[in-house]
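Heads up, the thing below is written out as structure tokens.
Every read-out reported here was derived from the displayed coordinates using simple, explicitly stated rules and does not represent laboratory data. Given the structure is predicted, the values throughout are model-derived calculations rather than measurements. Positions of Cβ are generated from backbone atoms using ideal geometry, with glycine treated the same way; all protein chains shown enter the neighbour counts.
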Amino acid sequence: MLERLKQYALLMRLHRPIGILLLLWPTLWALWIAGDGHPNGYVVIVFLLGVVLMRSAGCVINDYADRDFDPHVARTRTRPIAAGKVSPREALILFVLLCLVAFALVLTLDTFTIFLSIGGLLLAAIYPFTKRYTHLPQVVLGAAFGWAIPMAFAAQTGALPKMAWLIYGVALVWTVAYDTLYAMVDRDDDLKVGVKSTAILFGKSDRWVIAVMQVIVLLGLYLIGVQAQRGVAFNVGIAVAAVFAVYQQWLIRQRQPAACLRAFLNNNWFGAAVFVGLLVDYLF
């Protein structure tokens, strides 16, 4: 029984919380801005739990969708489904259970937020299958990862102002940027098995395209600060995030897989810097 639970935990990537953190930071940006620095405590708890549950569900359905590809990719061949330690049927059951628990949490919020949650579920379920048909699965992932933002505004304010969509757009572009870094790690294997990604689409222009997206994100964050009437502390957070973006560009200068992975992981600090700047700005 314990071994079975361990395999389920590995399938949900609970041992690698980077995905939870990357999903968490924009959610916190939205909650704090929507709550004008004082978000509802219960809503924050629901969204924190929802982030963990839906990221876990996303990992499960991703591995189910990639069960025929993962055994042929060096980084993924030891995943529970690929290694034959969890059956596809078990994975589907686990995905449904995680989604049901997350939806049960959402049911404690208002009707508008409940309605919006359906869109988030559909995006999470669709994303893993898009890499078969388009070179832009990272865009779909960005749409899915950012969906907590309009939900956060709905839960806090009962409305979807322009600010919600501005933050959503910034988070989407940021996700495409960092997930392209992640896709660069597997580019050679993906080409062999026929999986599509932005890393393959951008080719030798990958670094420049990522740099442009990073600049768009930083400018978008500055515009968010202006619109939300934030001050120096938030701008300092953006400046720190910009330093991390430059560091990521330095890491990927030779496109070595290990360095690209480090650049991807570094985005945790990018997102954290923005939130800390926002938090301090509201506090003082």
Query raised in the report: Using unit Cβ charges (K, R positive; D, E negative) and no other charged atoms, how large, in debye to the nearest 20, is the dipole of the chain about its Cα centre?
Result: 660 debye
Report summary line: Ordering 263-275, 147-159, 39-51 by per-residue average of other C-beta atoms within 10 angstrom, highest first, gives 147-159, 263-275, 39-51
Query - Farthest toward positive dipole pole in the chain [+1 Lys/Arg, -1 Asp/Glu at C-beta], among 80, 144, 156 - result: 80
Requested in this report: Based solely on C-alpha atoms, express the radius of gyration and the Dmax of segment 238-284 in angstrom.
Outcome: 12.6, 42
Requested in this report: Tell me, rounded to the nearest percent, the portion of alpha carbon pairs in segment 1-97 spaced more than 18 Å apart.
Outcome: 52 percent
Report task. Determine ³J(HN,Hα), in whole Hz, for all residues of segment 93-110 in sequence, where each value follows from phi through the Karplus function 6.51 cos²θ - 1.76 cosθ + 1.60 and θ = phi - 60°; x replaces Gly and Pro. Result -> 4, 4, 4, 5, 4, 4, 5, 5, 5, 4, 5, 4, 5, 5, 4, 7, 9, 6
Report task. Putting +1 on Lys and Arg Cβ atoms and -1 on Asp and Glu Cβ atoms, find which of 28, 69, 94 reaches farthest to the positive end of the dipole of segment 22-180. Result -> 69
Requested in this report: Sequence neighbours fewer than 8 away in the same chain don't count; with that in mind, list the lysines whose C-alpha is under 24 Å from residue 192.
Outcome: 131, 204
**Report entry** Exposure proxy order (Cβ contacts within 10 Å, fewest to most) of 3, 90
**Finding:** 3, 90
**Report entry** Distance from segment 23-89 to segment 112-162 (C-alpha centre basis), Å
**Finding:** 13 Å
**Report entry** Given charges at Cβ of Lys, Arg, Asp, Glu: the chain dipole, positive-most of 218, 259, 135
**Finding:** 259
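Add +1 for every Lys or Arg and -1 for every Asp or Glu among the other residues with Cβ under 15 Å from the Cβ of residue 230, and state the total. List each step's numbers first, then the result.
On the way: positive: none; negative: 36, 281.
Summing Lys and Arg as +1 and Asp and Glu as -1 gives -2.
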Query raised in the report: So what does log10 I(q)/I(0) come out to for the chain at q = 0.07, 0.09, 0.17 Å⁻¹, using the Debye formula with one equal point on every Cα and no solvent?
Result: -0.25, -0.42, -1.42
